[in-house]
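Q: After the structure tokens below, expect a handful of questions from me.
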Amino acid sequence: MDSAPAGSSEAAFDFQLYRYTPSLAAAVVSVIVFAALTVLHTWRLWKAKAFYFTAFTVGGVFQTIGYAGRIWGHYDKFSLGGFIIQAILILVAPALYAASIYMILGRLIRTVKAEHLSLVPVRWVTRIFVTGDVVAFGFQAGGGGIQAAGTLEMYEMGEKIIIAGLFVQIFVFGFFVITSVLFHVRLLRSPTDTAITGGIPWRRYLSVLYVTSIIILVRSIFRVVEYLQGNSGYLISHELFLYLFDALLMALVMAVFSVCPYVVEATRHHEIALVGFHECVNNLTQENSEALLAWSILNLLYVFSISKQLSHATELTSPRLRKDRLLGVEWIPMVRGIDAVLGPHYDFLREGRMAGALSLGNWHELNLDDHASDAVDQELCRLRDAWRSSGDAEVYDEALHIMRKCLMYAKQFDTMDEETLAQWGFNRAWAGPMAFIHFAPQQYFTLLHQRQPHSLIIFAYFGAFLHMLDDYWFLEGWGKDIVGAVDELLGSYWQPWICWPIQTVGLDAAGNT
């Protein structure tokens, strides 16, 4: 197929398997990268029993073998076997990634109990998109197989079929993104109880879907343009474009989904636990209220310790998500929602086996007027001048009062004798910042969600207090990151009001460590 007699249609077509010698170095690096990512995903899949992700790992196998075919092509650029291996397997691998990505949306919708908010009935979400993906995969694989027949006529026919398959893939992916975005918007407008209090980072999961879908869409569009240009086109004649718009992008998709196996396993167990949590909430009694409280405490530890690791990849491409996480868009309603769920049985819990977990000791006896104001408390009191003329001054004053009391509560443990400490119970210094989330007025958190400057100033001090507990493993890094996020949002005009938090967490005026 590489050459034909002069005067024939094949000669006029000037078909060549490769219009360059495939790069050995690029192919070897690609094989190593895709092989490593595939092994990682396979091990993670097996460890977490997440078998719905099988197609994704098979896609990684296809990529690895496909680029091995390009190594073959480097040593024998006229070999039809090596050409077919790399052409077909590299072409169809993203369709296998897509199959697993489609399944994630359906599982997420069910997890947050938001079936009524989906554009497509949830029982059809996976079926419709995976079926479309199978069609796209079939067209692309079939077209590649027809091209392997070795004649000009078959090559051109296969090319048209491949283009049709790529258009199907683009259409299905486009519809998938629209479905995901509409579900996202509806869930933001009408959040379910599970989305608010379940501790599920559904915004980050959706962001992963957006990022990976867009990456695969860009790659598919590149492939359509490449095939429309034909065998002698500019894109197919320059190897750089294959690695830039296919290999690099697909490796990025696999990397986005690559998180530590223990994090994946923790996430799987968390999803299982959520099922039990919702069963308890729907049938809440005194008997199971203690188990629900215990789960809520463990869930809080899970959210703080795991969410940073789960969100790292998506936050690199979406800084807004990082700010949402740090400012508590998800975890603050979750913490405050525990009261609403357990409120009816609070008296029983306070007298039962979980009493120690609920007690804040002398919290209600603490009186700010009975204690001398230290330098930090004076710094807090200075903040009143920032919102003195604000229409929400009363809300900010109440939030500030709670924060000063939280600081007083936490500081008493620095001078408490060992005997008193032994009698105290579970909630000590670490409970101080969480008490602020618990007792501060709801109006304040509404203003914080709106990113009002005065609310952010107070929250910067919350971050600084949280940083004082940085040696608690589940809070490590949170305080400093919160102050940094607030500093970025407020800018230089408001920075004089948050100098103390910035210095406390070890940032400079520019927000650097």
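Q: Working only within region 194-231, note down all residues that are more than 14 Å from the chain's Cα centre (by Cα) and under 21 Å from L326 (Cα atoms).
A: T194, A195, I196, T197, G198
Q: Quick one: which of L182, L187 is exposed (fewer than 15 other Cβ atoms within 10 Å of the Cβ), within 20 Å of the chain's Cα centre (by Cα), under 24 Å from F257 (Cβ atoms) and at pLDDT 85 or above?
A: On the way: L187 fails: exposed (fewer than 15 other Cβ atoms within 10 Å of the Cβ).
Going through L182, L187 in turn, the sole match is L182.
Q: Could you say which residue among E115, E156 is at pLDDT 85 or above and surrounded by fewer than 23 Cβ atoms within 10 Å (Cβ to Cβ)?
A: Working: E156 fails: at pLDDT 85 or above.
Answer to the check: E115.
Q: Which of the residues belonging to region 350-368 are within 20 Å of I402 (Cβ to Cβ) and either part of a loop (DSSP other than H, G, I, E, B) or modelled with pLDDT of 85 or more (or both)? Lay out the reasoning, then the answer.
A: Looking only at region 350-368, we keep the residues that are within 20 Å of I402 (Cβ to Cβ), and these are 358-368.
Within region 350-368, S359, L360, G361, N362, L366, N367 qualify.
Q: Those residues that are crowded, with 19+ Cβ neighbours inside 10 Å, within 30 Å of S305 (Cβ to Cβ) and not aliphatic (A, V, I, L, M), I need them from region 201-260; list them, please.
A: Passing the criteria: P201, W202, R203, R204, Y205, S207, T212, S213, F257.
Q: Tell me, please, whether a residue that is crowded, with 18+ Cβ neighbours inside 10 Å and touching a helix residue (DSSP H, G or I) at 6+ places or on another chain (Cβ under 8 Å) can be found in region 415-425.
A: Narrowing region 415-425 to residues crowded, with 18+ Cβ neighbours inside 10 Å: none.
Looking for residues that are crowded, with 18+ Cβ neighbours inside 10 Å and touching a helix residue (DSSP H, G or I) at 6+ places or on another chain (Cβ under 8 Å), one finds none in region 415-425, hence no.
Q: Given the criterion within 27 Å of the chain's Cα centre (by Cα) and either over 25 Å from I502 (Cβ atoms) or surrounded by 20 or more Cβ atoms within 10 Å (Cβ to Cβ) (or both), identify the matching residue among G463, G432.
A: On the way: G432 fails: within 27 Å of the chain's Cα centre (by Cα).
Exactly one of G463, G432 is within 27 Å of the chain's Cα centre (by Cα) and either over 25 Å from I502 (Cβ atoms) or surrounded by 20 or more Cβ atoms within 10 Å (Cβ to Cβ) (or both), namely G463.
Q: Would you check which residues across region 474-513 are touching a helix residue (DSSP H, G or I) at 6+ places or on another chain (Cβ under 7 Å) and among the aromatic types (F, W, Y) and list them?
A: F474, W478, W494, W497, W500
Q: Okay, moving on. Would you check if Y409 is buried (at least 18 other Cβ atoms within 10 Å of the Cβ), of a type in the set (S, T, Y), closer than 27 Å to W473 by Cβ and at pLDDT 85 or above? Let's see the steps before the verdict.
A: Numbers: buried (at least 18 other Cβ atoms within 10 Å of the Cβ): yes; of a type in the set (S, T, Y): yes; closer than 27 Å to W473 by Cβ: yes; at pLDDT 85 or above: yes.
Taking the combined requirement at face value, the residue satisfies it.
Q: Here's something else I'd like to know. I402 fails exactly one of the following numbered conditions: (1) modelled with pLDDT of 90 or more; (2) in a loop (DSSP other than H, G, I, E, B); (3) hydrophobic (A, V, I, L, M, F, W, C). What is the number of that condition?
A: Going through (1) modelled with pLDDT of 90 or more; (2) in a loop (DSSP other than H, G, I, E, B); (3) hydrophobic (A, V, I, L, M, F, W, C) one by one, I402 breaks only (2).
Q: Of the residues L368, L349, L407, L380, which single one is outside the structural domain of D470 (by TED's automatic domain parsing) and of a type in the set (A, V, I, L, M)? Steps first, answer last, please.
A: Numbers: L368 fails: outside the structural domain of D470 (by TED's automatic domain parsing); L407 fails: outside the structural domain of D470 (by TED's automatic domain parsing); L380 fails: outside the structural domain of D470 (by TED's automatic domain parsing).
That would be L349, the only listed residue that is outside the structural domain of D470 (by TED's automatic domain parsing) and of a type in the set (A, V, I, L, M).
Q: Got a number for residues in region 61-89 being touching a residue at least 24 places away in the same chain (Cβ under 8 Å) and within 27 Å of the chain's Cα centre (by Cα)?
A: Of the residues in region 61-89, 3 are touching a residue at least 24 places away in the same chain (Cβ under 8 Å) and within 27 Å of the chain's Cα centre (by Cα).
Q: Restricting attention to region 119-170, report how many residues are without any contact (Cβ under 8 Å) to a residue 60 or more places away in the chain and farther than 19 Å from R223 by Cβ.
A: Matching residues across region 119-170 total 15.
Q: Moving on. Give me the pairs, please: first residue somewhere in region 359-379 and within 20 Å of D397 (Cβ to Cβ), second residue anywhere and among the aromatic types (F, W, Y), beta-carbon distance under 7 Å, and either six or more positions apart or on two chains.
A: Here the result reads W363/Y409; L366/Y409; E379/W500, each pair linking region 359-379 to a residue that is among the aromatic types (F, W, Y).
Q: What residue, of D508, D471, is charged (D, E, K, R) and either at pLDDT 90 or above or farther than 30 Å from N299 by Cα (or both)? I'd like the intermediate steps shown before the answer.
A: On the way: D471 fails: either at pLDDT 90 or above or farther than 30 Å from N299 by Cα (or both).
The unique qualifying residue is D508.
Q: Among the residues of region 467-484, are any outside the structural domain of L300 (by TED's automatic domain parsing), surrounded by fewer than 20 Cβ atoms within 10 Å (Cβ to Cβ), more than 27 Å from the chain's Cα centre (by Cα) and in a helix (DSSP H, G or I)?
A: No; the residues of region 467-484 include none that is outside the structural domain of L300 (by TED's automatic domain parsing), surrounded by fewer than 20 Cβ atoms within 10 Å (Cβ to Cβ), more than 27 Å from the chain's Cα centre (by Cα) and in a helix (DSSP H, G or I).
Q: Name the single residue, out of those in region 435-460 being of a type in the set (S, T, Y) and surrounded by 22 or more Cβ atoms within 10 Å (Cβ to Cβ), that is farthest from W363 (Cα to Cα).
A: Among them, the one singled out is S455.
Q: Considering only residues that are at pLDDT 85 or above and surrounded by 11 or more Cβ atoms within 10 Å (Cβ to Cβ), which ones fall in region 369-387?
A: The initial filter retains those residues of region 369-387 that are at pLDDT 85 or above, namely 375-387.
Within region 369-387, V376, D377, E379, L380, C381, R382, L383, R384, A386, W387 qualify.
Q: Would it be correct to say that I109 is under 20 Å from G143 (Cβ atoms), assigned by TED's automatic domain parsing to the domain that holds G144 and β-branched (V, I, T)?
A: Working: under 20 Å from G143 (Cβ atoms): no; assigned by TED's automatic domain parsing to the domain that holds G144: yes; β-branched (V, I, T): yes.
Criteria not met by I109.
Q: Can you name the number of the only condition in (1) over 30 Å from E279 (Cβ atoms); (2) assigned to a helix (DSSP H, G or I) that F129 fails?
A: (1)
Q: Moving on to the next point. Taking F436 and the conditions (1) modelled with pLDDT under 85; (2) within 22 Å of F304 (Cα to Cα); (3) in a helix (DSSP H, G or I), which numbered condition does it fall short on, given that it satisfies the others?
A: Answer for F436: the failing condition is (1).
Q: With (1) touching a residue at least 24 places away in the same chain (Cβ under 8 Å); (2) under 29 Å from I178 (Cα atoms); (3) aliphatic (A, V, I, L, M) as the list, and L244 as the residue in question, which single condition is left unmet?
A: Looking at each condition in turn, L244 falls short on (1).
The values are calculated or read from the model by the stated rules, or taken from the named source; none is laboratory data. Just so it is clear, the structure is predicted and the values come from calculations on it, not from any experiment. All Cβ positions, even for glycine, are placed from backbone atoms using ideal geometry, and neighbour counts span all protein chains on display.
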